[in-house]
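Structure record follows, encoded as structure tokens.
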């Protein structure tokens with residue numbers, strides 16, 4: 001995987017429209033990496049960098065929102081002294097392991113297929129947090 005120390009930055013990935021029927025673009029993800037950043041209110045959150053096999057690299061963040069609706073992502077906070085317990089280093093580790101192992105090194109028929117895999121993972125007990133959300137936003141760029 002290429003050097004991730006100087007990522008291309010996007011403040012927020014725009015949601016892309018669903019793929020038109022019959023329009024499938026194959027994609028191979030080379031690697032997924034996350035890091036902890038601070039959102040506009042100073043709260044820790046994730047940014048995820050996705051690198052494709054062709055060298056394309058994109059980054060997106062999943063800022064913690066004030067919304068608490070039923071369809072909001074569940075926040076995964078460390079509960080450690082740093083940032084008053086709001087750190088996301090455990091979430092970073094999950095992206096770097098669980099999410100990376102799920103989607104990297106595999107040929108996906110379409111980006112929609114990657115999104116489906118992330119949704120399925122998000123519904124599991126392993127990763128009920130914003131990690132797949134950031135990965136998915138990154139994927140949709």
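The values are calculated or read from the model by the stated rules, or taken from the named source; none is laboratory data. Since we're looking at a predicted model, the values are computed, not measured. Cβ placement follows ideal geometry from the backbone for every residue including glycine, while neighbour counts extend to all protein chains displayed.
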Margin query: For the range 13-34, which positions are surrounded by 17 or more Cβ atoms within 10 Å (Cβ to Cβ) and either at pLDDT below 75 or closer than 23 Å to residue 76 by Cα (or both)?
Written below: 13, 31, 32, 33, 34
Next item on the list: Select from the range 57-74 the residues that are in a loop (DSSP other than H, G, I, E, B) and modelled with pLDDT of 90 or more and list them in ascending order.
Entry: none
Check: Condition test on residue 40, is it assigned to a loop (DSSP other than H, G, I, E, B), modelled with pLDDT of 75 or more and out of contact with any helix residue (DSSP H, G or I) (no Cβ under 9 Å at 6 or more places or on another chain)?
Finding: yes
Check: Are any of the residues in the range 103-112 touching a helix residue (DSSP H, G or I) at 6+ places or on another chain (Cβ under 8 Å), modelled with pLDDT of 90 or more and surrounded by 20 or more Cβ atoms within 10 Å (Cβ to Cβ)?
Finding: yes
Notebook entry, point to check: Among the candidates 84, 79, which residue alone is loosely packed, with under 12 Cβ neighbours inside 10 Å, farther than 30 Å from residue 25 by Cα, in contact with a helix residue (DSSP H, G or I) (Cβ under 6 Å, 6 or more places away or on another chain) and at pLDDT 85 or above?
Noted result: 79
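Of all residues in the range 75-111, which are assigned to a helix (DSSP H, G or I) and over 18 Å from residue 48 (Cβ atoms)? Talk me through it step by step, then tell me what you get.
Just the residues of the range 75-111 that are assigned to a helix (DSSP H, G or I), to begin with: 82-85, 89-103, 111.
Answer for the range 75-111, where residues must be assigned to a helix (DSSP H, G or I) and over 18 Å from residue 48 (Cβ atoms): 82, 83, 84, 85.
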